[in-house]
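Undergrad: Take this structure, written in structure tokens, and hold onto it; I'll ask about it next.
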Amino acid sequence: MTVSHPRTLRVAALAYMLVNLVFVLKYSLRIGVGVAVAACCFYLLFAGLLMCFCGQMERRSWQRVALVVAAVSLVGLVAVQLSIDPYSLKVDRWSALHNWTECILYGRYPYAARTHLGGYGSPLPVWQLLHVPFVLLGDVGFSAFVALLFYVWTLCRLRLSKATVLRILLLWCLAPAFVYEVAVRSDLATNFLVCCGCINLMWQCKRSTGCLPLWQAVVCGLLLSTRLSVALPLVVFFLPLWWTTGLGRKFSFPFIALLTLGLTCAPFLLWHELAPGATTISPLALQTARLDFLCAAAIVVVTLIAALGWRADLCCYHLLAATSLLAAVVLNFVSLSFRFDNTDWFSGLFDTTYLNMALPFLTAAMALAWDKTAFRKK
């Protein structure tokens, strides 16, 4: 196996396995400790064999096997999703999207919509609007498959080999974390698949233009209007070039990004003012409710360090973007542990699904490290 960044590949693969191992451990512990130990050992063995298989993917016979496994797995994931009654789930990310859309279709203030568990939706307007077609199709969970195909397509545009594309499909279809996301119709990994895919596309334009096109500021604003946490990989991506650009662009780029975010939120803020009887909690408040100042400051520091470390190497960028997201989750968990005197990270206070934010960047780093053709100069 020839890799251009073997260290990056090893680190990204280890992080990928650990994120998935958290899900295996968390949900197998509900059956029993012995089952959890056996499940974790089995997954580590399975993940090791999967990595070895991916490393030999240059063989055409193995590619055919990988294609069949990926296709069967995708069909299986669709079947699993359709077989589960969403109202039986104790995860309400799907109904935060579905009920929001139903409200807006009936002319009611959408952020007053309650989920099927009685909470409020936290996704920002652009993300909600992107899911309207899936609600009309009958299942918001379908967005996960569309986002995965979009993500893989953006990696294909980086001139990756067929073998590497198959590797990525396998890594996603056989990831316990993604199986969980699909089963409960969560949109978190989906959100970051879209974010990472957009960054892959912007990378191609950045390499050819060498500047900060203002249309990319608009894209940043639209991405920020999905979840605020996408700011971390965006800052890691744009800060090095922003730092070296002219003074005018230094101000105009973030201004346009924030203006775009504001314009997407403004109609709903105005709507709320015109409907004062609508009881609601701001999605911005929901997304930042568990952050304190020290935790937020530590996340900013880690993100800035990551932004200064990748030096125009896209493979390294994806690994550092994933690192910033994983660090943000761990720092938040540590902060919550001290504030609520709770060290059980598998309890309801801690949402381990946030670890999935890093998966698109980890698998992209692995893909680029596996495929040295992605680093050819244009």
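Undergrad: Quick one: grab the alpha carbon gyration tensor of the range 61-114, order the square roots of its eigenvalues as a ≥ b ≥ c, and give me rounded if a/c is under 1.5, else prolate or oblate depending on whether a/b is larger than b/c. Display every interim value, and only then the final one.
TA: On the way: a/c = 4.57, a/b = 2.90, b/c = 1.58.
Judged from the Cα gyration tensor, the range 61-114 comes out prolate (a/c at least 1.5, a/b above b/c).
Undergrad: I need the peptides 65-78, 99-112, 190-203 ranked by packing, meaning the mean over residues of other C-beta atoms within 10 angstrom, with the highest value on top.
TA: Working: 65-78: 15.6, 99-112: 17.7, 190-203: 24.1.
Per-residue Cβ counts within 10 Å, averaged per peptide and sorted highest first, yield 190-203, 99-112, 65-78.
Undergrad: Moving on. When a/c is below 1.5 the answer is rounded, else prolate if a/b is larger than b/c, else oblate, so apply that to the range 267-340 with a ≥ b ≥ c taken from the square roots of the Cα gyration tensor eigenvalues.
TA: It comes out oblate by the Cα gyration axes.
Undergrad: Sort 50-58, 29-37, 173-181 by packing, meaning the average of other beta carbons within 10 Å per residue, with the highest value first. Show your work: numbers first, answer last.
TA: Numbers: 50-58: 16.6, 29-37: 11.7, 173-181: 21.7.
Final packing ranking: 173-181, 50-58, 29-37.
Undergrad: Go through the range 128-143 residue by residue and turn each phi into a ³J(HN,Hα) via Karplus (6.51, -1.76, 1.60, θ = phi - 60°); whole Hz please, and just put x for glycine and proline.
TA: Once θ is set to phi - 60°, the couplings for the range 128-143 become 4, 5, 5, 8, 4, x, 6, 5, 5, 6, x, 7, 5, x, 5, 4 Hz.
Undergrad: Let me ask another. Which FRET efficiency, nearest 0.05, do LEU258 and ARG30 yield, Cβ-Cβ r, R0 45 Å?
TA: Values: r = 43 Å, r/R0 = 0.95.
Approximately 0.55, to the nearest 0.05.
Undergrad: May I ask you to evaluate 6.51 cos²θ - 1.76 cosθ + 1.60, the Karplus curve with θ = phi - 60°, for each residue of the range 63-70 and list the ³J(HN,Hα) values in order in whole Hz, giving x for glycine and proline?
TA: Going residue by residue, I get 5, 5, 4, 4, 5, 5, 4, 5 Hz, with x marking Gly and Pro.
Undergrad: Now for a separate question. So what's the net charge close to GLU102: Lys and Arg +1, Asp and Glu -1, counting the other residues with Cβ under 13 Å from its Cβ?
TA: Values: positive: ARG108, ARG114; negative: none.
Here the count lands on +2.
Undergrad: In sequence order, what are the phi-derived ³J(HN,Hα) couplings for the range 150-160 according to the Karplus relation 6.51 cos²θ - 1.76 cosθ + 1.60 with θ = phi - 60°, rounded to whole Hz, with x for glycine and proline?
TA: 4, 4, 5, 4, 5, 6, 4, 5, 7, 6, 6
Undergrad: Running a GNM on the chain with Cα contacts under 10 Å, which residue among ALA39, ALA147, ALA358 ends up with the highest mean-square fluctuation?
TA: So, out of ALA39, ALA147, ALA358, the one fluctuating most is ALA39.
Undergrad: Can I ask one more? With +1 on each Lys and Arg Cβ and -1 on each Asp and Glu Cβ, how big is the dipole of the range 71-174 about its Cα centre, in debye rounded to the nearest 20?
TA: Details: 8 positive and 4 negative charges, 89 e Å.
Using only the charged Cβ atoms, the result is roughly 420 debye.
Undergrad: Follow-up. With each run of n ≥ 4 DSSP H residues scored as -39500 (n - 2.57), what mean residue ellipticity at 222 nm is computed for the chain after dividing by its residue count and rounding to the nearest 500 deg cm²/dmol?
TA: Numbers: 17 runs with 264 residues, N = 378.
About -23000 deg cm²/dmol.
Readers should treat all values here as calculations from the given coordinates under stated rules, not as data from a laboratory. Only a predicted model underlies this, so the values are computations on that prediction, with no experimental measurement involved. Because the Cβ atoms are built from the backbone with ideal geometry, glycine has one as well, and the counts that use them run over all protein chains shown.
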